[in-house]
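Read-outs: derived from the displayed coordinates by stated rules, not from any lab. Remember, it's a predicted structure, so these values are computed and weren't measured experimentally. No Cβ is skipped: glycine too gets one built from the backbone with ideal geometry, and neighbour counts run over all protein chains shown.
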Amino acid sequence: MTQKRRSNRDNMKWHRVDLHLHTPASNDYLEPKAGYLDILHKAHSCGLDIIAFTDHNTVSGVRTLRKEVEELDLLERLNRIRPEEKQKLGEFRYLLNSILLLPGFELTATLGFHILGIFPPETTLRELEHILLNLRVPADKLDVGVTEVGATVDVLTAYRVINEAGGLAIAAHANSSHGVAMQGFNFGGQTKISYTQDLNLHALEVTDLESKRRRRTATFFNGSKPEYPRRMHCIQGSDAHRINQDPNDKNRLGIGDRATEVYLPERSFDALKELFISCDFSRTRPFRPTQAPFDHVQAARKQGTNIVQSFHPSINRRGGHLHAILCDICAFTNTNGGTIFVGLSDDPKDLVAGVNKPKDATKLIRSEVEKKITPPLDIEIDEQLSQGKKVLEIAIPVGEDPPYAIDDNKIYVRDETDTNLAVRDEIVALVKRSLEAKDKVDTTPPDTSQPVTDIDLSFQNDVSPEPKTGVEIVLAESRKGKHFYSLRDLRNGNIVHNVTRQSARKLWQYALTEHETNTVDCNKVDWQGDIGLWKKYNRGGQTRYDLVQRDSDKTLHIYYGVTEDGIHGPWQKLFNHVDDDGDGS
């Protein structure tokens, strides 16, 4: 955490934002005679602090509002303003001082995907239109405000152009129509991954942030999925094409009907952008007009412990609690980064214990990290309120210089729900990752002369050759009467050699025990084609599966301890088949 941000923490407050508003400048606006002053009045009446005009492939709405205010201002300076015009100018000034209006647009990229580009309030119209031209919106379509404008740039180029121009790139309604998450598509593969994980993308706008469904979009992009390791900021916006919600169609929202709250030190574009490029995911929440405020900690608790999240009821040295927290910090930064909550368990049924002296606890954690973890690691620690108790949230980034170690020689990694000392092959992999990152310096700008127009079909139906979590025993050998194994981590593909039952960590030990004592019987596997379910069990409150796959030469591959995060494509269909038959539950 930078010193500037620490000094601003005392000024932090929640601000209500709606970053996806259309105006009559959009051809499909449902109230074309609505005035821009009416739009601002509605935004103010529902308590919005920050809004963005994001018309389809145009900034004409921003131009119209600015021109109207400028003309009234000119009449006032010339002393030719009429009383009703003076009143209107006063209302504009009051509302634009109360609400931060950000200029932007909703770009239709190649293949019809929608992307929001949002910019600082001082950005000129000429700059905004220049950006749209760079995105290949035809000059004769700049003022039309339609969704179909011909061949523009591909999604990744759009993210880059918007980001390099100083804007926020947000994937619009990512989980629905024209969304980059491609929900409902039976293809996508690597393209879908890149469209939702690109470093130039700042956030995903989703429509199911308040959904109770287990598979809601924000949960999918929380960093625990093997193919989507970058945790994404997920927000919601109204995508309003009218001032008020249509009483006859609840899906046609009005201004502020689906808003987000953001925790900022000030109401500014810079503060908003700093939030979206940070790894602090506790500072956004869906706005709830009639309910209790969204409890970010309890929402995390419902997801439970996983590869990017852990919980510690206490920070006491006695009992090893503080040391366990340090081990998790080290493991997270060596793996995918993550978040640690201190002051509660991972069981939503348990009462929140809280942290008695959070400021002292924060100082203690920082001091221990500085003394014990090398190389230096910058973490963020914030106080959160849950069930009336103060808890600490520690955000740990993916380390830029792995391996990180405690006391110079204890290197930890995260293995799904567990933190473990790294073995030799894992340490080698961390060193390689560090060297590759340092060597990956390419100053040649990417060739964007040709847009990407084809979806990658290499993973039809999101098919992968295997699950994406769990382990596979790839080699077994005996030396002087002792069994040694090589195990492959299905999440990252790393192979660890010379593992024994005595040296194996929890999941590995389970796999080796099953391998040695519970041989797979093909006749008892619940098959669907060449994939099947062998066993379902529960470990640490999490359901796991032992899965089997036959390759073309009938060789069996057994995948032990697969979690739900690793089940997709044909594996998901297998479980649907099992559920339909009433088995495996």
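Stretch PHE484-LYS371 to full length: gain in nm at 0.36 nm per residue minus the Cα-Cα span?
Numbers: separation 113, 0.36 × 113 = 40.68 nm, distance 3.74 nm.
Between PHE484 and LYS371, full extension yields 36.9 nm more.
What percent do you get for the relative contact order of the chain when only Cα pairs under 8 Å and 6+ apart count?
Contact order relative to length: 11 percent.
Give the shape of segment 3-290 as rounded, prolate or oblate, defined through the alpha-carbon gyration tensor: a ≥ b ≥ c are the square roots of its eigenvalues, a/c under 1.5 means rounded, and otherwise the shape is prolate if a/b is larger than b/c and oblate if not.
prolate
Below 8 Å between Cα atoms, with a sequence gap of 6+, how large is the relative contact order for segment 232-334 in percent?
Here the relative contact order equals 17 percent.
Mind checking the angle between helix 60-77 and the chain's longest principal axis? C-alpha axes, 0 to 90 degrees, to the nearest 10.
40
Placing unit charges on C-beta atoms (Lys and Arg positive, Asp and Glu negative, everything else neutral), compute the dipole magnitude of the chain about its Cα centre in debye, rounded to 20.
I would put it at about 1860 debye.
Measure out, as a whole number of angstrom, how far apart the alpha-carbon centroids of segment 477-526 and segment 87-164 sit.
Value for the Cα centre distance between the two parts: 55 Å.
Which trypsin sites (Lys or Arg not before Pro) does segment 294-367 hold that lie in a coil by DSSP with at most 14 other beta carbons within 10 Å?
Taking segment 294-367 and a limit of 14 other Cβ atoms within 10 Å, the loop trypsin sites (Lys or Arg not before Pro) found are ARG317, ARG318, LYS349.
Going through segment 78-123, which trypsin sites (Lys or Arg not before Pro) have at most 13 other Cβ atoms within 10 Å and a DSSP loop state?
When the trypsin sites (Lys or Arg not before Pro) of segment 78-123 are filtered for loop state and at most 13 Cβ neighbours within 10 Å, ARG80 remain.
Place +1 on the Cβ of every Lys and Arg and -1 on the Cβ of every Asp and Glu in the chain, take the dipole about the Cα centre, and give the residue among THR335, GLY541, ASN576 whose Cα lies farthest towards its positive end.
GLY541
For segment 142-213, max minus min Cα coordinate along each principal axis, in Å, sorted largest first?
39, 27, 26
Just want to confirm a number: the relative contact order over segment 303-436, from Cα pairs under 8 angstrom separated by 6+ residues, in percent.
After rounding, I find 29 percent.
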